[in-house]
Structure formats: structure tokens, C-alpha cells
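The structure under discussion appears below in the form of C-alpha cells.
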Amino acid sequence: MTKLKFALIGTGFWAQYQLAGWKEIDGAECVAVCDLSLEKAEDIGRRFSISNIYDDINALLLSRELDFVDIVTDVDSHSPLAMAAIERGVAVVCQKPLAPSLEIAQEMCRQARSWRVPLLVHENWRWQRPLRRLKEIIDSGVLGTLVRGRIDYANSFPVFDNQPFLKPLERFILTDIGTHILDVSRFLFGEAEELYCQTRKIHENICGEDVATVLMRKRSGLTVTCNMSYASRWEFDRFPQTMVSIEGTTAGVALGRDFEITVYEDGRANCERVHIPDYPWANPEYALIHASIVDCHRNLLSELSGQAKAETTGDDNLRTLELVYAAYQSAEQRASVLLT
Ligand code: 89V
């Protein structure tokens, strides 16, 4: 397979893991690094033996033949960076959230369609192995008709230590985690028709909300609750684990602590533990997330190389962003929001 050539744009906390994730799969090679800070770009270039270093995306795009760019920068820069690539026919992989508003994200997707250039979102949460296994169990039919679902992401992990840029965000947990958890609710349970959200701010030293509770009615009639918090203490710090419980008419299933999945059927509890690949470059605290980067990249590359359609295209991710921004609207208006 010929290797697609890409440039990494942005050298923050996630950049090293994005590059390490691409190196785990055949078919893509990073040939350049671009960051407003040449020093930071040179540093990560040295660590990954990439010698083509830029501090300007236009200079990068003019001087290198690229198949795609991997944008790993702050959300406000996603649109201009993506448009610079799209207008030169260069495909885009962009970090979540795709854009700071639904309107900007819609325009990015419109432009990508108009230029016939792939715009894909690196939305990796649904690629966590326990959640893929949960979907298999749902699709097996063993649960019968689904009655209610609950997705919990609640911990007290000091996420701001590694990602200080999250502190000043006026809109925090729904844009940081809601983009993941609400995407998982779509992956597991389909599209929603109504949403209600309440938010809270517990941490004193941040600007945005750090607790959000989202209740949805899915098109299937299923009620799904998504509980998100960076201010909750449990018997252990659950970061970055997502717990899921699903009630069905013939069985229930729970994704519990440390990737244990239990199906409760006819008074029996059938347990299995999902294996998480262990990569030497992964940060142990983020191992679950870092492993999902690899599987997400593998799926995105299948579209970039023309072999298949990726799951998290920009157009697909618009449905997730619609939930995120509808949640803010609901919390602000203290009313449920009907979705298109
Ligand atoms: O993976 C992420 O998107 C991070 C985290 C969920 C750790 O906060 O922002």
C-alpha cells in the first residue's frame, strides 16, 4: 500500500499521541510539522524524525505535496486551517470539536462538499474497544427491545493540568466531553428527536460548566441519559472510563469498572473483560483514549485511501455537534429542544 503523505498542524498535548497513533498503522507518513511556534514544531519534528518544519500553513501547502493534513490545534483555528487545505484539494482530518459553533461547522462541511475534498473528524471515543463490544451486544438482539440507556462519564481527574486551554473556555464540558459522549449515544442508540440539558459549574477556577446532564428521546423511542462531570469523586478515579447501562425487555447489559461488560439474562450474569491494546508510547492515565486513537486513524485512513467510508466524517459529526449546541440552548432556555 502506498503511504499517504500528511502534515501535522499543531504541537500541543495531543500532537505526540496523534503522530504515534499514525505510526502504528501502515499507509500514512507524516512528512511535515506546522505550528505558529517554530521551536515547538522543531521539537516534535526532532522527536519523530520529521525535518520539514513550518510556522505558516500557506507556506506548507505551497511547498509540499500532501494527501491530507491532521489538524490538532485549538478549536477557533480549525475552520481557517481546514479551509486553507480544502481550497488546495488537500483532505482534512480535524480534532473535535470541529468548530466553535454549529454554523461554522456546517459551512466547513459545505465547502468540503463543494470542493469534493474529504473533511473527517478525529472523534475517537466511539473507537474505544469496550464501546465497540457493547454495540455488538446491542446488535446481537440479546437485549430484546431497548427500554432505557444511560452513559456516565464522571470523575475528578485534574484534566486542566495537561490541557490548561480548557480552563478559560466559556463552554467547557459539553464541547470537550459532550462531543465524545453524545457521539457515543448516536453510535450506540441512533439519532435523537428531543433533548433536555442541565449544566452546573463546580470548579471555582474555571470559566465554563464542568457538569452536564443530558436527557434525550431517540427516534426509536428510547430514553437515553448522558451524565458528564469533571467534579465527581467515586470509589476510584474513573478517568477516562465511560460506564454504560442498558435495560432491555429480555436482558440488561452494563459496562462497568475496568472494561468489564456484564449481560444480565434469566437471572444469570455473563461477564467478560474487554482487552485494551497497550502501546508503549501511551500515557498510562490516558491509555484507553490513546488506544482508540489508533483504531480511529485506521478507519479514517480507509476513506482517505479510497477503500471505504469513514464513520466520523464532517457531515456525520454535524449530527453530534447539533446535540452539543442544542444542549447549551436547552440549558440556557431551561426547556427541551426538538431536533431536526
Ligand atoms: O480526549 C479528549 O478529547 C480530551 C479529554 C476527554 C481527555 O478531556 O479533551
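The values are calculated or read from the model by the stated rules, or taken from the named source; none is laboratory data. If you're wondering where the values come from, they're calculated on a predicted model, not measured in any experiment. Note that we place each Cβ from the backbone using ideal geometry, even for glycine, and neighbour counts take in every protein chain shown.
Which of the residues spanning segment 295-307 are assigned to a helix (DSSP H, G or I) and touching a residue at least 60 places away in the same chain (Cβ under 8 Å)?
Filtering segment 295-307 for residues assigned to a helix (DSSP H, G or I) gives 295-304.
Within segment 295-307, ASP295, CYS296, HIS297, ARG298, ASN299, LEU300, LEU301, GLU303, LEU304 qualify.
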message: Testing ILE138 on (1) within 16 Å of the ligand (Cβ to nearest atom); (2) surrounded by 14 or more Cβ atoms within 10 Å (Cβ to Cβ), one condition comes back false. Which one is that?
response: (1)
- line: Among residues of segment 164-184 being assigned to a helix (DSSP H, G or I), more than 30 Å from VAL147 (Cα to Cα) and touching a residue at least 12 places away in the same chain (Cβ under 8 Å), the residue farthest from the ligand (Cβ to nearest atom) is PHE165
field: Residue within segment 153-163 that is under 19 Å from PHE259 (Cβ atoms), part of a loop (DSSP other than H, G, I, E, B), among the polar types (S, T, N, Q) and within 13 Å of the ligand (Cβ to nearest atom) present
entry: yes
- prompt: Could you list, in sequence order, the residues of segment 235-254 that are modelled with pLDDT under 95, more than 16 Å from the ligand (Cβ to nearest atom) and of a type outside the set (Asp, Glu)?
  reply: PHE236
message: Any residue that is closer than 20 Å to ALA331 by Cα and more than 16 Å from the ligand (Cβ to nearest atom) - is there at least one of those in segment 224-234?
response: yes
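Within the bounds of segment 277-294, is there any residue that is free of Cβ contacts under 8 Å to residues at least 60 places away in the same chain, out of contact with any strand residue (DSSP E or B) (no Cβ under 9 Å at 6 or more places or on another chain) and over 24 Å from GLY21 (Cβ atoms)? It would help to see each step written out before you state the result.
Taking segment 277-294 first, the residues free of Cβ contacts under 8 Å to residues at least 60 places away in the same chain are 278, 280, 284, 287.
Subsequent filtering for residues that are out of contact with any strand residue (DSSP E or B) (no Cβ under 9 Å at 6 or more places or on another chain) retains 278, 280, 284, 287.
The next check asks that each one be over 24 Å from GLY21 (Cβ atoms); those that pass are none.
Within segment 277-294, not a single residue is free of Cβ contacts under 8 Å to residues at least 60 places away in the same chain, out of contact with any strand residue (DSSP E or B) (no Cβ under 9 Å at 6 or more places or on another chain) and over 24 Å from GLY21 (Cβ atoms).
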field: Check on PHE187, touching a helix residue (DSSP H, G or I) at 6+ places or on another chain (Cβ under 8 Å), assigned to a helix (DSSP H, G or I) and within 12 Å of the ligand (Cβ to nearest atom)
entry: no
- prompt: Of all residues in segment 205-222, which are surrounded by fewer than 17 Cβ atoms within 10 Å (Cβ to Cβ) and either away from the ligand (no atom under 16 Å from the Cβ) or closer than 18 Å to GLU191 by Cα (or both)?
  reply: ASN205, THR213, ARG219, SER220, GLY221
message: Tell me whether segment 148-161 contains one or more residues that are in contact with a Lys or Arg (Cβ under 7 Å, 6 or more places away or on another chain) and among the small types (Gly, Ala, Ser).
response: yes
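Yes/no matrix, rows are residues, columns are (1) among the acidic types (Asp, Glu); (2) in a strand (DSSP E or B); (3) within 15 Å of the ligand (Cβ to nearest atom); (4) modelled with pLDDT of 95 or more:
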{"residue": "CYS271", "(1), (2), (3), (4)": "no, yes, no, yes"}
{"residue": "PRO280", "(1), (2), (3), (4)": "no, no, no, yes"}
{"residue": "LEU288", "(1), (2), (3), (4)": "no, no, yes, yes"}
{"residue": "SER292", "(1), (2), (3), (4)": "no, no, yes, yes"}
{"residue": "ALA310", "(1), (2), (3), (4)": "no, no, no, yes"}
- prompt: What number goes with the only condition from (1) in contact with a Leu (Cβ under 7 Å, 6 or more places away or on another chain); (2) more than 16 Å from the ligand (Cβ to nearest atom) that GLU107 does not pass?
  reply: (1)
statement: Residues of segment 42-71 being touching a Gly at 6+ places or on another chain (Cβ under 9 Å) and surrounded by 17 or more Cβ atoms within 10 Å (Cβ to Cβ), in sequence order, are ILE53, ASP70, ILE71
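Are any residues in segment 224-240 polar (S, T, N, Q) and over 19 Å from the mean Cα position of the chain (by Cα), and if so, which ones? Can you show your working first?
First, pick out the residues of segment 224-240 that are polar (S, T, N, Q): 225, 227, 229, 232.
Hit for segment 224-240 is SER232, nothing else.
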message: Given the criterion of a type outside the set (A, V, I, L, M), more than 20 Å from the chain's Cα centre (by Cα) and in a loop (DSSP other than H, G, I, E, B), identify the matching residue among GLY208, GLY221.
response: GLY221
- prompt: If only one of GLU247, GLU285, GLU303 is surrounded by fewer than 17 Cβ atoms within 10 Å (Cβ to Cβ) and either over 30 Å from ASP67 (Cα atoms) or in contact with a Pro (Cβ under 9 Å, 6 or more places away or on another chain) (or both), which one is it?
  reply: GLU285
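Just to be sure I understand, how many residues within segment 233-269 are outside any strand (DSSP E or B), in contact with a Ser or Thr (Cβ under 9 Å, 6 or more places away or on another chain) and farther than 22 Å from PRO158 by Cβ?
Of the residues in segment 233-269, the ones outside any strand (DSSP E or B) are 233-242, 249-251, 256-259, 266-267.
Adding the requirement that they be in contact with a Ser or Thr (Cβ under 9 Å, 6 or more places away or on another chain) leaves 233-234, 237-239, 249-250, 256, 266.
Next, only the ones that are farther than 22 Å from PRO158 by Cβ stay: 249-250, 256, 266.
Within segment 233-269, residues that are outside any strand (DSSP E or B), in contact with a Ser or Thr (Cβ under 9 Å, 6 or more places away or on another chain) and farther than 22 Å from PRO158 by Cβ number 4.
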